[in-house]
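Worksheet for the structure shown next.
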């Protein structure tokens, strides 16, 4: 299982790189925007990491989740900044000042944040394929076409991006069906994939729990941690697979895959879930007043991404290769613990 270690300084540098990239294209981080608050939070969190406190006085999870989420978006954008397709991203970049840029936390009723997920998927597509187009966020027609179109394995693919607001399988299946109809309505593509962001579906606190209350002597706050991160990874993987199983049953009952035709193959659903895992870690205290060998023992925030391609059967090796390439690029993150898989759904009987 691929993993990468990183430094807080690198996360800080990515925040500055994002600001510089925006400036190159005539954009600035707006005062009072969520993006500004997140960037300032990253800088404060980096300073916090240099001097672990004697006692936690407030919940640190939102700040570390912000650091991880912003670093992921910045790393994706910087990685494609020299691509000839980068220009298609510019209209979406303007939305960074209008909604939450974080794709690893629960966000409700934030259309700009949903559009920024399209931006993230387009970054994956630029690295995995070629000749990428991204439907402008204000395109006429109310989103009647797939958000991202790209060439993978010599074929034109449409990627319909959807962000469920709950784990209700019927609601998620509605989004999948809506995405499938967008794909069918686009004659320029040969393959179609519905891409789900489960940021508002997965139970983020399950992977970095907190019990008790800050400031309470009777019931002090205590973070839950995983001594073995593999346990947390397995839990997250199972949660995503469980969600997809219930959705697949609803999709099969509706015959959603029957919307496909000889001209268009709807290959399935790609699920993406990014969360933060609390892993036990010991950090030496270097501040004056602490004896040599003294250490802060607590949760080390760990970026965890589950990417799962659920493909209808039958499908070709080229189709599976294209989805595997998309999975690989979705993992781009200097702070990533990566878990992925391919499941196969049979086409519902006609």
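The values are calculated or read from the model by the stated rules, or taken from the named source; none is laboratory data. Being a predicted model, the structure only gives us computed values, none of them experimental. Here the Cβ is made from the backbone with ideal geometry for all residues, glycine too, and neighbour counts use every protein chain on show.
Conditions tested, residue by residue: (1) within 19 Å of residue 166 (Cα to Cα); (2) out of contact with any helix residue (DSSP H, G or I) (no Cβ under 6 Å at 6 or more places or on another chain); (3) surrounded by 12 or more Cβ atoms within 10 Å (Cβ to Cβ).
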| site | (1), (2), (3) |
| --- | --- |
| 187 | no, yes, no |
| 206 | yes, yes, yes |
| 224 | no, yes, yes |
| 235 | yes, yes, yes |
Only one residue in 252, 260 is surrounded by fewer than 22 Cβ atoms within 10 Å (Cβ to Cβ) and at pLDDT below 65, so which one is that? 260
Would you confirm whether or not segment 293-309 contains a residue that is under 25 Å from residue 120 (Cα atoms), at pLDDT below 85 and either part of a loop (DSSP other than H, G, I, E, B) or in contact with a helix residue (DSSP H, G or I) (Cβ under 7 Å, 6 or more places away or on another chain) (or both)? no
Residue 216 versus (1) in a loop (DSSP other than H, G, I, E, B); (2) touching a strand residue (DSSP E or B) at 6+ places or on another chain (Cβ under 6 Å): which is the lone unmet condition? (2)
Mind listing whichever residues of segment 194-212 are in contact (Cβ under 8 Å) with a residue 24 or more places away in the chain and assigned to a loop (DSSP other than H, G, I, E, B)? 198, 199, 200, 201, 202, 203, 207, 208, 209
Search segment 160-171 for residues that are under 17 Å from residue 250 (Cα atoms) and pair each with any residue that is modelled with pLDDT of 95 or more and part of a strand (DSSP E or B) when their beta-carbon atoms are under 6 Å apart and the residues are at least 6 apart or on different chains. 162/196
